[in-house]
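Colleague: I'd like to ask you about the structure that follows.
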Amino acid sequence: MLQINYIREYREEAITKLAKRGFDAKATFEDIVAKDDLRKETQNKLDDILAQSNQIAKEIGAYFKNGEKEKAEEAKAKTVTLKQQSKTLSEKLNQVSDDLQELLIHIPNVPNDNVPNGKTPEDNEVVKEEGDIPKLHSEALPHWELAAKYDLIDFELGTKISGAGFPVYKGKGARLQRALINFFLDRNTEAGYLEVQPPHLVNEASGFGTGQLPDKEGQMYHVTGDNLYLIPTAEVPVTNIFRDVIVKSEEFPIKYTAYTPCFRREAGSYGKDVRGLNRLHQFDKVEIVQLQKPSDSYQTLDEMVEHVTELLKDLELPFRILKLCGGDMSFTSALTYDMEVYSAAQKRWLEVSSISNFESYQANRLKLRYKDENKNNVLCHTLNGSALALPRIVASILENHQDEKGIRIPKILVPYTGFEYIN
RNA sequence: GGAGAGAUGGCAGAGUGGUCGAAUGCGGUGGUCUUGAAAACCAUUGUACAGCAAUGUACCGGGGGUUCGAAUCCCUCUCUCUCCGCCA
């Protein structure tokens, strides 16, 4: 959520920047400023009435104490109008504040200046491409066939138990998953991230804090009996650790990592996008989250990209880094890098990480602040990224590392899997 | 699931209708003392909105009500704890 003072101060600039993501903010901003003016005006009037009421109440107290009953009754009479006025004004204030909030939460984050122009994924900017795309032998298979051939993943079994998009990992397939989780967590903690295990179901306030609610309600599984949501990413519970918190500036950078399953309804997806491991309703992901001082957050973003880059290199996967264009960025992000691995049998790039700086957008919803040098409370910047999402990594390992004998496990993972080959 | 108790500032914990944004203790910050530290002593120490400021207003789990006046009384919701039951 943007800060009202930011909108007031940088209105034209913000309109221009938001246009980059195809959002026309002009009319909304006008409404917002007008509503905010009205809010201030109403608040001032109300404060004035309340001040008068408080004054009279004090006087009445004093009269009673001195036994001056008539005077007290006289004063009481004066409060009748004030009471009526304060009631009307506070109702109006509530209404105006609600309206204002409603307008504010539907404005996406302002893109950073470095965000490329564009509307669709084709407009994303490739900033780096690394690793060799393997030349597969003639019998090479896509990962869903490899998974069946070596009995690593049973999609039909998952469908029986739950439905499409809920695979069952078996044997070396399950072991590979566990190896990846441990590898990622080890590397993240070595890089200074604190490992946490957060809840997998969150309440409404948490969903609101990171921006999933109210707009993306349909993306999450909703447990209506208890009004809880299954997390679509560990970003939600981990970032919400800091909801309503004022951190000390010397605590920066605050770095957390968590492994969680992620649950996504993915309504409307179809075709090759959902084949095999490409898009699932439940998948595993290790997430990294950082809180930073505004002045340092972009340096932190670069560091996070670098960290994930190292993971991909160590997994011996060809990958590329995209800087997302305005039209392809998520609602809450100011700048996002996507990391994609190449899946050689499918001949497609698969997104395995999305690393974003939300600047103060989430922090404003979360009321997450820090005390600066002048002891003012200032909104933090929040960042997060996948390090990494498992299924597409698995898909890419299976496809890229297949040969006539089977599937070779990347060297770095062998200590975790306990085997070098799947065959 | 049944019965009961409770929710107050960073923490602990007073406060049952007026002078309470809230005693006291701990913690934090600044200072005095000290070669330095500890101890002791003194001072200070919540958040938000409006305002250049003085200051005003709001906040004692959330929402509503009674009253001239609510942390305090009433209603309601949420959460926590204790005991019993069940159970990984």
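Colleague: Where in the range A:224-338 are there strands (runs of 3 or more DSSP E), lying wholly inside it, with at least 1 residues that are within 22 Å of residue A:178 (Cβ to Cβ) and basic (Lys, Arg)?
Modeller: Answer list for the range A:224-338: A:282-292.
Colleague: Hey, can you tell me all the residues within the range A:150-175 that are farther than 19 Å from residue A:417 by Cα, open to solvent by 50 Å² or more (accessible area, probe 1.4 Å) and part of a helix (DSSP H, G or I)?
Modeller: Answer for the range A:150-175, where residues must be farther than 19 Å from residue A:417 by Cα, open to solvent by 50 Å² or more (accessible area, probe 1.4 Å) and part of a helix (DSSP H, G or I): A:156, A:157, A:159, A:160, A:161.
Colleague: Turning to a different aspect of this structure: How about the range A:347-358: which of its residues are over 14 Å from the mean Cα position of the chain (by Cα) and open to solvent by less than 30 Å² (accessible area, probe 1.4 Å)?
Modeller: Once the filter is applied, which keeps residues that are over 14 Å from the mean Cα position of the chain (by Cα) and open to solvent by less than 30 Å² (accessible area, probe 1.4 Å), the range A:347-358 yields A:350, A:352.
Colleague: Here is a further query. Quick one: which strands (runs of 3 or more DSSP E) sit completely within the range A:351-423 and have at least 1 residues that are within 16 Å of RNA strand B (Cβ to nearest atom) and assigned by TED's automatic domain parsing to the domain that holds residue A:238?
Modeller: Where strands (runs of 3 or more DSSP E) fall fully within the range A:351-423 and carry at least 1 residues being within 16 Å of RNA strand B (Cβ to nearest atom) and assigned by TED's automatic domain parsing to the domain that holds residue A:238, they are A:369-371, A:377-379.
Colleague: Could you list, in sequence order, all residues of the range A:257-300 that are open to solvent by 40 Å² or more (accessible area, probe 1.4 Å) and in contact with a helix residue (DSSP H, G or I) (Cβ under 7 Å, 6 or more places away or on another chain)?
Modeller: A:259, A:264, A:265, A:267, A:275, A:279, A:293
Colleague: With the requirement that a residue be more than 46 Å from the chain's Cα centre (by Cα), near RNA strand B (Cβ under 9 Å from one of its atoms) and of a type in the set (Lys, Arg), what does the range A:40-74 give you?
Modeller: Within the range A:40-74, A:58, A:65 qualify.
Colleague: Quick one: which of A:94, A:124, A:44, A:114 is of a type in the set (S, T, N, Q), crowded, with 16+ Cβ neighbours inside 10 Å and closer than 30 Å to residue A:15 by Cα?
Modeller: After applying the criteria, what remains is A:124.
Colleague: Now for a separate question. Among the residues of the range A:65-91, which ones are surrounded by 13 or more Cβ atoms within 10 Å (Cβ to Cβ) and either touching a Pro at 6+ places or on another chain (Cβ under 9 Å) or in contact (Cβ under 8 Å) with a residue 12 or more places away in the chain (or both)?
Modeller: A:72, A:75, A:76, A:78, A:79, A:82, A:85, A:86, A:89, A:90
Colleague: Step by step: first the residues of the range A:369-389, then only those that are modelled with pLDDT under 95 and among the polar types (S, T, N, Q), then the one that is nearest to residue A:320 (Cα to Cα). Which residue is that?
Modeller: It comes out as A:377.
Colleague: Condition first: more than 22 Å from residue A:324 (Cα to Cα) and touching a residue at least 12 places away in the same chain (Cβ under 8 Å). Now tell me which residues in the range A:92-112 satisfy that.
Modeller: Result: A:92, A:93, A:96, A:97, A:99, A:100, A:103, A:104, A:105.
Colleague: Working carefully through the options A:34, A:72, find the one that is touching a Phe, Trp or Tyr at 6+ places or on another chain (Cβ under 7 Å) and not assigned by TED's automatic domain parsing to the domain that holds residue A:305.
Modeller: Result: A:72 is the single residue among A:34, A:72 that is touching a Phe, Trp or Tyr at 6+ places or on another chain (Cβ under 7 Å) and not assigned by TED's automatic domain parsing to the domain that holds residue A:305.
Colleague: While we're on this one: Name the single residue that is surrounded by the fewest Cβ atoms within 10 Å (Cβ to Cβ) among those in the range A:2-18 being touching a residue at least 24 places away in the same chain (Cβ under 8 Å) and more than 12 Å from RNA strand B (Cβ to nearest atom).
Modeller: A:14
Each row is one residue, and each column tells you yes or no for (1) farther than 22 Å from residue A:356 by Cα; (2) without any contact (Cβ under 8 Å) to a residue 60 or more places away in the chain; (3) not aliphatic (A, V, I, L, M).
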{"site": "A:165", "(1), (2), (3)": "yes, no, yes"}
{"site": "A:171", "(1), (2), (3)": "yes, yes, yes"}
{"site": "A:189", "(1), (2), (3)": "no, no, yes"}
{"site": "A:197", "(1), (2), (3)": "no, no, yes"}
{"site": "A:206", "(1), (2), (3)": "no, yes, yes"}
{"site": "A:213", "(1), (2), (3)": "no, yes, no"}
{"site": "A:226", "(1), (2), (3)": "yes, yes, yes"}
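Colleague: Pull up the range A:19-37, narrow it to residues that are part of a helix (DSSP H, G or I) and either buried (at least 16 other Cβ atoms within 10 Å of the Cβ) or on the phi > 0 side of the Ramachandran plot (or both), then point me to the one that is farthest from RNA strand B (Cβ to nearest atom).
Modeller: A:28
Colleague: Looking at the range A:325-337, which of its residues are open to solvent by 10 Å² or more (accessible area, probe 1.4 Å) and closer than 23 Å to residue A:277 by Cβ?
Modeller: Residues satisfying the conditions are A:328, A:330, A:337.
Per-residue answers, yes or no, for (1) part of a helix (DSSP H, G or I); (2) under 22 Å from residue A:339 (Cα atoms); (3) within 16 Å of RNA strand B (Cβ to nearest atom):
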site: A:85; (1), (2), (3): yes, no, yes
site: A:99; (1), (2), (3): yes, no, yes
site: A:102; (1), (2), (3): yes, no, no
site: A:109; (1), (2), (3): no, yes, no
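Colleague: Could you say whether any residue in the range A:359-368 is over 22 Å from residue A:6 (Cβ atoms), at pLDDT below 95 and surrounded by 18 or more Cβ atoms within 10 Å (Cβ to Cβ)?
Modeller: Within the range A:359-368, none of the residues are over 22 Å from residue A:6 (Cβ atoms), at pLDDT below 95 and surrounded by 18 or more Cβ atoms within 10 Å (Cβ to Cβ).
The values are calculated or read from the model by the stated rules, or taken from the named source; none is laboratory data. Remember, it's a predicted structure, so these values are computed and weren't measured experimentally. Heads up, the Cβs are rebuilt from the backbone with ideal geometry, glycines too, and the neighbour counts pull from every protein chain shown. Just so you know, the surface numbers come from the protein's heavy atoms only, side chains and all, with ligands and any DNA or RNA stripped out. Shrake-Rupley method; radii C 1.70, N 1.55, O 1.52, S 1.80 Å.
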